1. Extension gain T166-A186, at 0.36 nm per residue separation less the Cα-Cα distance, in nm?
2. Once fully extended, how much extra length lies between E76 and T124, figured as 0.36 nm per residue of separation less the alpha-carbon to alpha-carbon distance?
3. Nearest 5 is fine: what % of DSSP beta bridges in the stretch 53-119 come out antiparallel, could you say?
4. Taking all protein chains together and a probe of 1.4 Å, list S93, S2, S27, S219 from the most accessible to the least accessible.
5. For the chain, what is the calculated [θ] at 222 nm in deg cm²/dmol (nearest 500), taking -39500 (n - 2.57) for each run of four or more DSSP H residues and dividing by its residue count?
6. For the stretch 90-195, which trypsin sites (Lys or Arg not before Pro) are both in a DSSP coil and crowded by at most 14 other Cβ atoms within 10 Å?
7. In what sequence, largest accessible area first, do E76, E178 appear using a 1.4 Å probe?
8. Using a Gaussian network model of the chain with C-alpha springs under 10 Å, which one of T203, T187, T55 is most mobile by mean-square fluctuation?
Amino acid sequence: MSSPHVPLLAPSLLAGDHAHLAASARSVADLGLTWLHCDIMDGHFVPNLTFGPETFAALRRAGINLFFDTHLMLAEPQRYVEAFAKTGSNLISIHIEPAYDHAATLAHIRALGCQNGLVLNPGTPVAAVEPFLDQVDLILVMTVQPGFGGQPFRRDMLPKLTQLATWRRERSLNFRLEVDGGIDLATAAACRAAGADTFVAGTSFFKAPDKAAFAAAFSVL
Ligand code: DX5
Ligand code: ZN
């Protein structure tokens, strides 16, 4: 299943050094990579906590110019999109599972000058995001249950990618198809074959003995 997009690696700051987040972000930029995946957790939608808008503002002040691919794992994301847009997000992804006005929030994200994305958990059928495909810049398929890095990749998510890539082609849409959770070179290749083009990598990137070689391998997936 081909993708209209070249493969893109988005290292996840969650797996970086939380005492030196700017240094971790700089290690991504120094490789010539452009995206940084930023996981925002609220302790409600997922059982963990990470960073907030002020972290982004501080990273911008520290000179980090990466594209902030912001993954909001929040029970009420609509309350926070403006704060993240103002402090430096370039793309803001919201989950389909909580009850709020998804279409209005996706439109609000664009009105704030950001790209938007819609995310589905492993237990959520792909049909849940189907009505929104013409309103998004990115669909993020979770390949682990969100909340923590370092979990094993869920191969049973591959058919979702195939279905989304089929809808994208049939409807002449252009959204990016991103995967997040347990991504390394082998699992990324399987996702690429199923139609994914944007690869979040936390543990595998920050623990790679040679980050430059790791990033180069992703660019030719
Ligand atoms: C999981 C987060 C991921 C996480 C992935 O809740 O959404 O972005 O950083 O980590 P790895 O790549 O270690 O599975
Ligand atoms: Zn994420």
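The values are calculated or read from the model by the stated rules, or taken from the named source; none is laboratory data. For clarity, every value in this text was computed on a predicted model and none was experimentally measured. Counting neighbours? That spans all protein chains shown, and the Cβs are built from the backbone with ideal geometry, glycine included. Keep in mind that these areas ignore ligands, DNA and RNA; they rest on the heavy atoms of the full protein, side chains included. Shrake-Rupley method; radii C 1.70, N 1.55, O 1.52, S 1.80 Å.
1. 5.0 nm
2. Using 0.36 nm per residue and subtracting the Cα-Cα distance, I get 15.5 nm.
3. The antiparallel proportion sits near 0 percent.
4. Highest to lowest solvent-accessible surface, that is S2, S219, S27, S93.
5. -9000 deg cm²/dmol, from helical runs alone.
6. Counting only loop positions with at most 14 other Cβ atoms within 10 Å, the trypsin sites (Lys or Arg not before Pro) in the stretch 90-195 are R171.
7. So the residues, ranked largest to smallest area, are E76, E178.
8. In the Gaussian network model the winner is T55.
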